[in-house]
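This report concerns only the one structure given below.
The values are calculated or read from the model by the stated rules, or taken from the named source; none is laboratory data. Just so you know, these numbers come straight off a predicted model, no measurement behind them. So basically every Cβ, Gly included, is an ideal-geometry build from the backbone, and we count neighbours across all protein chains shown.
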Amino acid sequence: MNDNVPPKRTWFYDALTPDLGIVHRVDDFLYSGRSTYQGIEVIRTISFGTCLVLDGKIQSSEADEFIYHEALVQPAMITHPEPRRVLIAGGGEGATLREVLRHRSVEQATMVDLDEQVVDICRTYLPSFSNGAFDDPRTEFIVGDARKFVEQSPRTFDVIVIDLPDPLEAGPAQLLYTREFYTTVKSRLAPGGIISVQSESSRWYDLHAFVAIVRTMREVFPFVAPYQVHIPSFSSLWGFVTASDTLRPEILTGDEVDRRLTQKIGHELRSYDGRSHISMFSLPRHIRTAVENADTVITDDAPLSVF
């Protein structure tokens with residue numbers, strides 16, 4: 001054996017756009033299979049630890065999922081004065097549920113996810129993501145179509161968090177990014193409620209989905225606040241949006257956010273605090289311009305499709 005021969009390396013290619021991708025060195029492939037709805041893989045990478053991959057795209061990583069999930073959940077939860085009933089659409093890893101349950105005021109968190117196999121695999125291979133959230137007595141986990149749930153359920157919620165995979169063409173999430181869906185979601189909000197939505201890339205060269213989601217939500221809600229954070233494992237900035245009839249997280253001061261975190265949670269988070277809140281909602285001019293100039297409204301007849 002030649003000791004000077006370098007060890008063979010295995011790589012995972014994550015395509016960001018048709019023209020750009022990133023390559024992750026893989027230490028081990030922990031799971032590979034397919035559910036009724038999508039391809040599912042769990043890989044252990046050198047740079048980001050264990051990662052969930054759906055339909056060939058990294059959804060979250062052990063190293064930085066806290067950045068994504070705190071950004072998705074906490075601005076809306078902090079802005080609402082006392083969220084007691086929370087609905088999560090999607091969120092298979094359980095990390096969104098974990099962040100919701102940090103709040104002392106929450107009496108029930110209802111999570112509706114179509115793909116039970118994703119949830120089971122995450123609980124097996126990525127238990128730190130949910131950190132026991134599925135066993136919390138406040139959790140109600142429903143296997144089902146989130147759109148059908150909000151259309152058929154008579155219940156209302158103080159906060160609704162929409163944590164869905166990319167709207168791939170003909171994929172299971174494509175019709176959960178439309179004006180019709182957001183209109184139905186609004187009908188499930190209790191008075192003074194707020195929603196938060198995973199809203200795709202806010203990379204400067206790949207803004208079309210993000211600004212279309214913002215434009216579509218402005219068809220439904222009077223107060224819509226886009227924001228972004230950098231997700232290292234995505235190698236990019238990532239967009240989120242809150243929407244409400246009354247609540248405006250973008251006007252909270254950093255001191256007020258820190259005060260509410262102490263009051264509502266009682267301990268510091270790893271990424272989100274008052275200073276990061278201000279940074280999230282301080283979009284650069286090119287993104288503000290793109291948002292203001294957006295004219296695409298996503299509908300059931302003309303759904304959004306990303307690469």
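If only one of 145, 163 is surrounded by 22 or more Cβ atoms within 10 Å (Cβ to Cβ) and of a type in the set (Asp, Glu), which one is it?
Of the residues listed, the single one that is surrounded by 22 or more Cβ atoms within 10 Å (Cβ to Cβ) and of a type in the set (Asp, Glu) is 163.
Looking only at residues in segment 100-115 that are touching a residue at least 40 places away in the same chain (Cβ under 8 Å) and closer than 27 Å to residue 41 by Cβ, which one is surrounded by the fewest Cβ atoms within 10 Å (Cβ to Cβ)?
115
Hey, among 187, 282, 199, 233, which residue is surrounded by 15 or more Cβ atoms within 10 Å (Cβ to Cβ), on the phi < 0 side of the Ramachandran plot and without any contact (Cβ under 8 Å) to a residue 60 or more places away in the chain?
Going through 187, 282, 199, 233 in turn, the sole match is 199.
Return the residue satisfying two criteria in turn: it lies in segment 225-253 and is outside any loop (DSSP other than H, G, I, E, B) and among the hydroxyl-bearing types (Ser, Thr, Tyr), and of such residues it is farthest from residue 69 (Cα to Cα).
Only one residue fits best here, namely 244.
In the list 127, 154, which residue meets the criterion of being free of Cβ contacts under 8 Å to residues at least 60 places away in the same chain and more than 19 Å from the chain's Cα centre (by Cα)?
154
Select, from 277, 286, the only residue that is within 21 Å of the chain's Cα centre (by Cα) and either at pLDDT 95 or above or in a helix (DSSP H, G or I) (or both).
Only one candidate qualifies: 277.
Taking the condition farther than 30 Å from residue 296 by Cα, crowded, with 18+ Cβ neighbours inside 10 Å and either in contact with a strand residue (DSSP E or B) (Cβ under 8 Å, 6 or more places away or on another chain) or among the hydrophobic types (A, V, I, L, M, F, W, C) (or both), does residue 133 pass?
Here the answer is yes, as residue 133 does meet what is asked.
Residue 40 fails exactly one of the following numbered conditions: (1) in the same structural domain as residue 281 (by TED's automatic domain parsing); (2) more than 17 Å from residue 194 (Cβ to Cβ); (3) touching a strand residue (DSSP E or B) at 6+ places or on another chain (Cβ under 7 Å); (4) not polar (S, T, N, Q). What is the number of that condition?
(1)
Looking only at segment 179-195, decide whether some residue is in the same structural domain as residue 80 (by TED's automatic domain parsing) and under 21 Å from residue 287 (Cα atoms).
no
Strands (runs of 3 or more DSSP E) wholly in segment 7-104 with at least 1 residues that are of a type in the set (D, E, K, R) - which ones?
Correct list: 10-17, 20-34, 39-45, 57-61, 85-90.
Can you confirm whether residue 271 is among the polar types (S, T, N, Q), surrounded by 14 or more Cβ atoms within 10 Å (Cβ to Cβ) and outside any helix (DSSP H, G or I)?
Yes, satisfied.
So, residue 95, is that one touching a strand residue (DSSP E or B) at 6+ places or on another chain (Cβ under 6 Å) and among the aliphatic types (A, V, I, L, M) or not?
no
Give the residue that is modelled with the lowest pLDDT, with candidates limited to residues of segment 182-224 that are in a loop (DSSP other than H, G, I, E, B) and of a type in the set (A, V, I, L, M).
So the residue we want is 207.
Which of (1) touching a residue at least 12 places away in the same chain (Cβ under 8 Å); (2) out of contact with any Ser or Thr (no Cβ under 9 Å at 6 or more places or on another chain); (3) in the same structural domain as residue 188 (by TED's automatic domain parsing) does residue 216 not meet, given it meets every other one?
Single failed check for residue 216: (2).
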